[in-house]
Amino acid sequence: MVGLHRPSTPPGMPPPSARRRSSKLSFGTVCSSNINRSMEAHVRLQNAGMRVESYGTGTQVRLPGKSAMEPRIFKFGTPYADMYKSLSETPEDVAFFMHNGVLQLCKRGASVK
């Protein structure tokens, strides 16, 4: 996708040559929209060699919009690349959502999941 570079490993992950411990445990991380707190926990547990999945508690992914009354809403299961594309349709959108950090969240989500 143009505009969304998907790194092969998320920032902070050990290089492929690093030895990972195998875990029999499986972890689930949860936050309301499954895009910020659970994603950070997902990366940290995954970096430690744990099996992990992350979930949201709401019925939708709600991202900050251009006002508090206009959040950007996506169905759970929407790929992060699709969210990024929707949030960067115009140069004004790109500038706004880069400034408030939402496009960076989508990039991180795409690199983790």
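Residue by residue through segment 61-78, note down the ones that are open to solvent by less than 70 Å² (accessible area, probe 1.4 Å) and of a type outside the set (Val, Ile, Thr). So that I can check it myself, show each step before the final result.
Here is the first cut: in segment 61-78, the residues open to solvent by less than 70 Å² (accessible area, probe 1.4 Å) are 61, 63, 65, 67, 71-72, 74, 78.
Those that are open to solvent by less than 70 Å² (accessible area, probe 1.4 Å) and of a type outside the set (Val, Ile, Thr): Leu63, Gly65, Ser67, Pro71, Arg72, Phe74.
Of the residues that make up segment 61-73, is at least one aliphatic (A, V, I, L, M), farther than 15 Å from Ala110 by Cβ and under 17 Å from the mean Cα position of the chain (by Cα)? Step through it out loud before you land on a result.
Restricting attention to segment 61-73, the residues satisfying the condition of being aliphatic (A, V, I, L, M) are 61, 63, 68-69, 73.
Filter again for farther than 15 Å from Ala110 by Cβ, leaving 68-69, 73.
Subsequent filtering for residues that are under 17 Å from the mean Cα position of the chain (by Cα) retains 73.
So far as segment 61-73 goes, yes, one or more of its residues are aliphatic (A, V, I, L, M), farther than 15 Å from Ala110 by Cβ and under 17 Å from the mean Cα position of the chain (by Cα).
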Revision key, fill the gap. Within segment 79-94, the residues that are open to solvent by less than 70 Å² (accessible area, probe 1.4 Å) and either more than 23 Å from Gln46 (Cβ to Cβ) or among the aliphatic types (A, V, I, L, M) (or both) are Ala81, Met83, Ser86, Leu87, Ser88, Thr90, Asp93, Val94
Check your understanding: under 16 Å from Gly56 (Cα atoms) and buried (at least 20 other Cβ atoms within 10 Å of the Cβ) - does that describe any residue in segment 95-105?
Key -> yes
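The values are calculated or read from the model by the stated rules, or taken from the named source; none is laboratory data. It should be emphasised that the depicted structure is a prediction, and the values quoted were computed from it without experimental measurement. Cβ sites come from the backbone with ideal geometry, for glycine too, and all protein chains shown count toward neighbours. These area figures cover heavy atoms from the full protein model, side chains too; ligands, DNA and RNA do not enter into them. Shrake-Rupley method; radii C 1.70, N 1.55, O 1.52, S 1.80 Å.
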